[in-house]
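*Asks:* Could you have a look at this structure, given as C-alpha cells, before my questions?
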Amino acid sequence: MRTLRAEWTKLRTVRGWVVALLAAAAAIIGLGVLPGMQGTCDATCRLPVGPDGTEVTDVLYFVHKPLTGDGSLTVRLDALTGILPSAPDQQPDPTGGGPQHADGDGGRPGLVPWAKTGILIKDGTRSGSSYAALMLTGTHGVRMQYDFTNDIAGPAGGGPRWLRLTRAGGTVTGEVSADGTTWTKVAGVTPSNLPATAEIGVFATSPQYTEAVAGALGLHGASGGPTSATGAYEQVTLTGTSASGWRGDQIGGGGDRAGTSTQDGDRITVTGSGDIAPAVAGPAGLGVTITQTLAGTFAGLILVVVVATMFVTAEYRRGIMRTTMSAQPRRGRILAAKAVVIGGVVFAVGLVAAATVVTLGQRMLESSGVYVHSASLAVRLQVIVGTAAVLAVAAVLALGLGAVIRRSAAAVTTAIVAIVLPYLLAMTVLPDTAAQWMLRITPAAALAVQQSTPEYAQVSNLYTPVGGYFPLSPLGGFLVLCGWTALVLAIAGVLLRRRDA
C-alpha cells in the first residue's frame, strides 16, 4: 500500500501529466460529438425494427393475398433477372432504350449476390413485421429466411424451377423441386408473430450495389447505386382459405425505388429494389454507429501513451529511480504499483469519456439530424467499459516499454508506433486486407471492443475497419493487447531487477 500511495502521489502532483490525461478525455469527447456534422434525419427518420427489436431493412415489392389458417403457395419460377448501375465507362442510353434500374437511369443487366425473389408469408404489409420467405438469390442459391436475422441455405446445385411454401399451425415449411413432382425440403421455421390471417405471395427486392474504391493517399471510399431484381412466375397456385384476388404493394421505400408487377392469369411478374434483412451501417446502410462516434479514441490514446511512458522514464532522467528503489528494494513491486496506478487512473478517465460520447454525443448528433444506429444496453456497456479497458491496458503496455527503453523520446516513439500507428494506418492508407491483418496481430486489435453492430453473412456490405467492423471478436482483440502487455511487462520486470538505476 505504501508503494501504491507513493506512485499515486507522483502521478497526481505532476501538473503536466494531469492536464494531459484531462486533455485525452476532452479529445475523445470532442471528436465524438463531431462538431459541425449535420444530417437530414428528423424525429420520424427511424429504421423499422424486427420482431426481436433489431433494426431492419424491409423494402420490397410484394404481390399478395390474405391466407387464413393453414395453406400452401406453389409457383414455377421462370426467370430471375436484374439491373445493375451503369459501369463507370458506360453511359445511359440517351434514347431511353435498354434496361432501366431502380432510380430510372440506364443500367446494365446483372444481379447483385443477394438479389432476391420468391414466396413470402408476412404479418400484413407493415415494415418490420414477422415473416418467412423461400427465395432464389443472385449468387447464393436457394435460401429460407425468416424474421430478418435467420438465414438457412437450401440444397446446392442449379436454381430450382419450382418453389412451395406451406403453413401448418405455427410452422412454415419451404420446399423446392426441379420438376414440380419430386420435392426437397429446405427447412421448417417458426416465425415469432404470424397472425391467424397472414399475407402470402411472391416478392422481389435487390440491395444496393457497392464496391470499395481507393482515393487520394490511399483513403478508403465506396461507389455504387441502386439495383433491381425481377422474378417471373407461372402456375401460381394457392391452396387454403383466401377469397380476394392478388394485390401488389410496395413495402417500405417508394418514390424512385418503387417496384412494379404485372399479372396475366396464373402468371405474375414482380420487380423490386431494396432488401429484406437486418440493417447495417456503412456504404450499403444508413447513418453512423456508436463505434464511429468514438473515433476520437486514437487522439486520447496518444496522450495516454505519452503520460504512461513518461511515468517511468522521467524517474530515470531525473535520477529519482534510485530513491524509489532504495525505498522499495523489491523492484517488481515498483513496476506493479506503477501499472496499477496508471492503469486505474486511465481506466477512470476513459470510462467517463466513453460514457459521455455514447450517451450525450448520440443525443447531440441526432439533434443535428444525424442518424445513429441503436444498440442494446449490453452492447453500450461493452463499448464503454471496453474502451476504458483498452486505454488502461495500453497505458500499462506503454509503461512497460518505458521501463525497458528508459529514454523518454525513444520510449514514447516506440509506444506510439506499436500501439497507435497500426490503428491509424488501418483506418486510412492501408488496403483492406492489410488493415485486417494489422488489426489481428498488433495491440490495436483491442479496439474490436468498440464494434457495436454485428456482421451478417446474408447482408452485402463493406465490412471494413473504417466502417466500424473489426476482424476479431471484442474479447479476442482485447486478449491480443493483453498478450502484448504481459510480454512487455515480463521483459521489463526482468530488466528492472538486473540493471542498475
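*Asks:* Scan region 113-132 and tell me whether some residue there is surrounded by 23 or more Cβ atoms within 10 Å (Cβ to Cβ) and at pLDDT below 90.
*Replies:* So far as region 113-132 goes, no, none of its residues is surrounded by 23 or more Cβ atoms within 10 Å (Cβ to Cβ) and at pLDDT below 90.
*Asks:* Still on this structure: With the requirement that a residue be surrounded by fewer than 24 Cβ atoms within 10 Å (Cβ to Cβ) and either part of a helix (DSSP H, G or I) or in contact with a Cys (Cβ under 8 Å, 6 or more places away or on another chain) (or both), what does region 366-385 give you?
*Replies:* Glu366, Ser367, Gly369, Val370, Tyr371, Leu377, Ala378, Val379, Arg380, Leu381, Gln382, Val385
*Asks:* In the list Leu481, Leu487, which residue meets the criterion of being in contact (Cβ under 8 Å) with a residue 24 or more places away in the chain and of a type in the set (A, V, I, L, M)?
*Replies:* Leu481
Residues checked against (1) closer than 17 Å to Trp17 by Cβ; (2) of a type in the set (Phe, Trp, Tyr):
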{"residue": "Lys338", "(1), (2)": "yes, no"}
{"residue": "Tyr371", "(1), (2)": "no, yes"}
{"residue": "Ala378", "(1), (2)": "no, no"}
{"residue": "Leu381", "(1), (2)": "no, no"}
{"residue": "Ala388", "(1), (2)": "no, no"}
{"residue": "Ala394", "(1), (2)": "yes, no"}
{"residue": "Val412", "(1), (2)": "yes, no"}
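*Asks:* Could you tell me which of the residues Arg406, Arg330, Arg318, Arg363 is charged (D, E, K, R), touching a residue at least 60 places away in the same chain (Cβ under 8 Å) and out of contact with any strand residue (DSSP E or B) (no Cβ under 7 Å at 6 or more places or on another chain)?
*Replies:* Arg406
*Asks:* Of the residues that sit in region 457-480 and are among the small types (Gly, Ala, Ser) and surrounded by fewer than 20 Cβ atoms within 10 Å (Cβ to Cβ), which one is nearest to Leu377 (Cα to Cα)?
*Replies:* So in region 457-480, the residues among the small types (Gly, Ala, Ser) come out as 457, 460, 467-468, 473, 476-477.
Applying the additional criterion that residues be surrounded by fewer than 20 Cβ atoms within 10 Å (Cβ to Cβ) yields 457, 473, 476.
Values: Ala457: 24, Ser473: 18, Gly476: 21 Å.
Once the filter is applied, the top-ranked residue is Ser473.
*Asks:* Could you look through region 490-501, keep only residues that are in contact (Cβ under 8 Å) with a residue 24 or more places away in the chain and in a helix (DSSP H, G or I), and pick out the one that is surrounded by the fewest Cβ atoms within 10 Å (Cβ to Cβ)? Break it down stepwise before answering.
*Replies:* Residues of region 490-501 in contact (Cβ under 8 Å) with a residue 24 or more places away in the chain: 491-493, 495-497, 501.
Applying the additional criterion that residues be in a helix (DSSP H, G or I) yields 491-493, 495-497.
Numbers: Ile491: 14, Ala492: 23, Gly493: 18, Leu495: 16, Leu496: 19, Arg497: 11.
Per the criteria, the residue is Arg497.
*Asks:* Just to be sure before I move on: is Val312 at pLDDT below 95, of a type outside the set (Ser, Thr, Tyr) and not in a helix (DSSP H, G or I) in the structure I sent? Give the steps one after another, and end with the answer.
*Replies:* Working: at pLDDT below 95: yes; of a type outside the set (Ser, Thr, Tyr): yes; not in a helix (DSSP H, G or I): no.
For Val312, the condition - at pLDDT below 95, of a type outside the set (Ser, Thr, Tyr) and not in a helix (DSSP H, G or I) - is not met.
Residues are listed down the side, and each one gets a yes or a no for (1) at pLDDT below 95; (2) out of contact with any Phe, Trp or Tyr (no Cβ under 9 Å at 6 or more places or on another chain):
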site: Trp8; (1), (2): yes, yes
site: Trp17; (1), (2): yes, no
site: Leu34; (1), (2): yes, yes
site: Asp42; (1), (2): yes, yes
site: Gly50; (1), (2): yes, no
site: Leu73; (1), (2): no, yes
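*Asks:* Looking at this structure, is Thr139 among the hydroxyl-bearing types (Ser, Thr, Tyr) and modelled with pLDDT under 95? Lay out the reasoning, then the answer.
*Replies:* On the way: among the hydroxyl-bearing types (Ser, Thr, Tyr): yes; modelled with pLDDT under 95: yes.
When the stated conditions are applied, Thr139 passes them.
*Asks:* On to the next question. When region 222-272 is examined, which residues are found to be modelled with pLDDT under 80, in a strand (DSSP E or B) and surrounded by 13 or more Cβ atoms within 10 Å (Cβ to Cβ)?
*Replies:* Ala222, Gly224
The values are calculated or read from the model by the stated rules, or taken from the named source; none is laboratory data. Source: prediction; values computed, not measured. Positions of Cβ are generated from backbone atoms using ideal geometry, with glycine treated the same way; all protein chains shown enter the neighbour counts.
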